[in-house]
Each structure stands twice: as structure tokens, then as C-alpha cells.
Amino acid sequence: MINKRLLIKNLLAHNDENSFYDKKRKIDITHKEGKAKFLKHICALSNSNPKNNSYIVIGVEDEDNTIIGVNFFDDSKIQNLINAYLANPPIVQYENIPFPHLSDDKVVGLVTIRAIDQITSLRKNIWKYYGGSVFLRDGSMSMPKVFDIEIKDANSKIVDAIEAHAQNNIEYTLDGVFDFMNQRKDYNPQYKVFKEYFVLCWSGQKKEIKSEVFYSRVDIELINEQVRLFFSTLDEVAISFNENKFKIIEYVNLGLQKSYKYYPLEETIIHFENNANYNIETRLLFEPPQFDKKVLHHIYNTNNAILEKLKRGHDLSKNEELDLRNLSGTYVICYLNSFDDAIDKLYEAKPHIKAHSEELYELYKESMRILRKVKYS
């Protein structure tokens with residue numbers, strides 16, 4: 001079993017990026033340019049490593065390899081993006097790896113690209129890259145190749161050695177459990193061993209709503225792999241498990257005015273196998289709530305009026321301040337009810353909400369996270 005924290009350290013020991021690994025300070029796949037650049041690197045690394053895994057480490061300073069971390073990234077639909085834009089798409093996994101010196105809301109992103117021994121290319125145009133383009137790694141650069149290429153295996157021995165040096169041991173496992181239990185002692189931390197091998201720790205703030213048990217501020221970590229699998233500070237989740245699997249159902253609290261309801265968003269199941277392997281299955285459960293169109297038109301127009309006042313720097317009334325708290329969420333509901341322009345208004349509101357209040361900006365980011373999950377599915 002590979003300890004992902006050790007793997008990252010071993011990768012960073014190769015100070016310069018090369019044909020089997022890349023490092024980034026951050027990535028942004030919310031816009032076409034960011035998506036295109038990310039897809040280019042996936043394509044180039046896959047083509048340059050036909051026989052072995054390749055990696056992207058995210059949250060690292062380029063010049064001196066200082067680990068600064070990034071925000072937790074829970075977009076489990078990243079494979080859908082890759083499948084949509086790449087021909088012969090590789091299997092890609094994004095994992096959030098905690099490091100002891102980082103604050104609790106920061107992790108290092110580890111992207112693992114599985115070898116497929118085929119030429120990967122862009123399936124269709126995106127940003128300034130044309131459909132049919134093929135990329136390869138040239139040192140630390142992902143370069144386009146417009147001619148026929150031959151797949152060459154130059155890195156298998158190096159990558160095998162790096163992964164071998166990142167194998168787990170019992171000391172790391174025990175230290176990981178003790179660290180988790182100490183850091184989460186205010187949120188009822190627990191652990192469970194699956195298949196006599198995998199150690200999973202989890203914690204959360206318990207809440208009962210109409211005889212149902214939910215958890216907030218949930219943290220789940222697979223200790224053997226040094227991987228944080230799921231994290232939520234705003235949503236409510238339901239947790240269940242047996243000897244073979246650990247299941248998380250994530251809920252979102254959506255509604256209009258004072259009428260809110262919990263809607264299941266996504267189900268994540270970690271399946272543990274007898275051969276010391278595991279896999280994570282994710283399924284979208286979300287069904288958009290439907291509301292009366294006349295009511296939505298009224299709320300949509302109210303949101304637009306508040307946004308205009310924000311843009312002009314005008315003071316808001318007490319009631320408008322209350323409506324502003326729900327502005328991001330109600331724009332999402334409008335969009336899910338076929339108000340297509342609501343998504344443009346949501347993007348337009350971002351800088352003004354961010355300048356107005358950090359708390360409101362957190363609610364905005366949560367609304368965008370929900371929207372991103374639904375769109376990619």
C-alpha cells in the first residue's frame with residue numbers, strides 16, 4: 001500500500017518537473033482556460049508514460065518546492081470532464097492529502113494518471129487547443145505534437161522506485177490514527193478497521209432531525225493511504241457502514257424564503273476488498289426542487305435589484321441584507337428551474353459578494369460547488 005504523503009515527498013525530491021510528474025501552485029477548472037490547460041497536462045503525461053503512473057502535485061511553490069497547500073477539492077466528477085474532452089482517456093484520480101504543518105482547511109492535491117499504453121488526444125476544441133491535438137512532455141513542458149508519434153517507455157524503473165520508497169508501515173499508520181483522534185477530539189472521532197487492513201477514521205458533529213441522524217463538520221480519512229476522502233463544513237451527511245463498505249450520503253439544504261428542505265446530493269461508497277484494494281463509487285442523487293414560476297420570477301427580480309445596489313455601492317436595507325444571504329442559493333434554484341440567465345448573474349455577483357462579506361463568500365462558494373457537481377453529472 002502506497003503512503004501518498006511519502007509519495008509526494010519522493011516526487012518533490014525530483015526538484016525539476018519531468019516527463020512523469022508535474023507540480024502546480026493551484027489549478028482552476030471552473031473556466032475554459034483552466035480546463036484546457038489541465039486537460040493538456042493530463043494528455044501529455046499520459047502519452048509520455050505508457051507503462052507507468054504519472055502524477056501532478058498541486059499546492060507547491062514552483063521555485064523551491066515549498067508545500068503551501070490548496071483548498072479541499074471534492075469534485076468527484078473530474079473523470080467525466082476528462083472523458084468528455086479526451087480520446088483514449090486515462091483513468092485519473094484526484095486525492096486530497098493532509099500534511100501536519102498545513103492548516104486544517106488546506107491539503108495537497110495529488111492527481112494520479114493511470115497508464116493506458118495508447119495515444120491520448122483532444123476529442124474536440126477547447127479554448128485555444130484544437131480537437132485532434134496530441135501533447136507530449138518535453139522536460140517540464142507539455143508540448144503539442146502535430147505528427148505521428150511513437151509511444152516510448154522511459155520512466156517505468158524510476159517511477160517503480162519512487163512508489164516502492166513510499167510503501168506504508170505500521171508506525172505511519174498508528175501515528176496517523178493518533179493524530180486524527182487528537183485533532184478531532186471535539187467532534188467524536190472514531191475509527192474502524194476493514195478487511196483486517198484498512199484503517200478508516202472519521203468524525204463529525206451529530207445532529208438529529210425528525211429521528212434521522214446527520215453529521216456536519218465531517219472529516220473522513222483513510223489512514224493507510226494518507227488520503228482525506230471527504231470533508232464538509234456546511235452540508236449535512238448521513239453515514240453508514242458494514243464490514244465491506246463505508247457509505248456517505250451528502251445532503252444540501254435548499255429552499256426559498258423561510259421554507260428549506262434537505263435534498264440528497266451525492267452518494268459515495270468506499271468498497272474494501274480482500275486483496276488489500278479498495279475503490280470509491282460515487283453516484284449523483286440530486287433531483288432539482290421545482291418551484292412556482294411566478295414566485296421564482298419575483299425572487300429573481302429581487303436578487304437582480306440587490307445585485308445592482310451592490311455593484312453601485314449603495315447601502316442595503318435590513319430585509320435586503322437577509323435576502324443577500326440567500327442570493328447565491330436562490331440563483332442556483334432559479335438556474336435549476338430553467339432560468340438560464342441566472343448562472344450569468346451568479347458569476348457576475350462573485351466579486352461583489354466577496355468584497356461584502358467573507359461569510360457570504362463562503363455561501364457563494366458552496367452554491368458553486370453544488371452547481372459544479374450537478375453540471376458535471
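The values are calculated or read from the model by the stated rules, or taken from the named source; none is laboratory data. Here the structure is a predicted model, which is why all the values come from computation and not from measurement. Note that each Cβ is placed from the backbone with ideal geometry, even for glycine, and that neighbours are counted across all protein chains shown.
A few comments on the model shown:
- All of GLU287, GLU267 fail the test of being surrounded by 13 or more Cβ atoms within 10 Å (Cβ to Cβ), out of contact with any helix residue (DSSP H, G or I) (no Cβ under 8 Å at 6 or more places or on another chain), under 20 Å from ASN253 (Cα atoms) and without any contact (Cβ under 8 Å) to a residue 60 or more places away in the chain, apart from GLU267.
- Here the condition is being touching a residue at least 60 places away in the same chain (Cβ under 8 Å), crowded, with 17+ Cβ neighbours inside 10 Å and aromatic (Phe, Trp, Tyr); of TYR278, TYR364, TYR331, TYR300, it holds for TYR278 alone.
- Condition check for SER328: at positive phi and either touching a helix residue (DSSP H, G or I) at 6+ places or on another chain (Cβ under 7 Å) or of a type in the set (Ser, Thr, Tyr) (or both): no
- Candidates in the range 334-361 are the residues that are aromatic (Phe, Trp, Tyr) and surrounded by 14 or more Cβ atoms within 10 Å (Cβ to Cβ); of these, the one that is farthest from PRO289 (Cα to Cα) is TYR361.
- Some residue of the range 334-355 being in contact (Cβ under 8 Å) with a residue 60 or more places away in the chain and either under 30 Å from LEU229 (Cβ atoms) or in the same structural domain as VAL237 (by TED's automatic domain parsing) (or both): no
- Residue check for VAL332: within 30 Å of PHE194 (Cβ to Cβ) and aliphatic (A, V, I, L, M): no
- Here is the figure for the range 77-104: residues that are closer than 18 Å to ALA36 by Cα and either out of contact with any Pro (no Cβ under 9 Å at 6 or more places or on another chain) or not assigned by TED's automatic domain parsing to the domain that holds LEU136 (or both) total 15.
- Checklist (1) in contact (Cβ under 8 Å) with a residue 60 or more places away in the chain; (2) outside any strand (DSSP E or B) applied to ILE306, failing item: (1)
- Of residues in the range 37-73 being in contact with a helix residue (DSSP H, G or I) (Cβ under 7 Å, 6 or more places away or on another chain) and assigned to a loop (DSSP other than H, G, I, E, B), the one nearest to GLU267 (Cα to Cα): ASN53
- Sub-7 Å Cβ pairs linking a first residue in the range 130-159 that is basic (Lys, Arg) to a second residue that is surrounded by 13 or more Cβ atoms within 10 Å (Cβ to Cβ) and modelled with pLDDT of 70 or more, at least 6 apart or interchain, are ARG137/SER19; ARG137/ALA44; ARG137/LEU45; ARG137/SER48; LYS145/VAL134; LYS145/PHE135; LYS145/LEU136, ordered by first then second residue.
- Boolean, TYR85 is more than 22 Å from ALA161 (Cα to Cα) and among the hydroxyl-bearing types (Ser, Thr, Tyr): yes
- Inter-residue pairs, beta-carbon under 6 Å, first within 18 Å of LYS26 (Cα to Cα) and in the range 82-95, second among the aliphatic types (A, V, I, L, M) and part of a helix (DSSP H, G or I), 6+ apart: VAL92/ILE82; TYR94/ILE78
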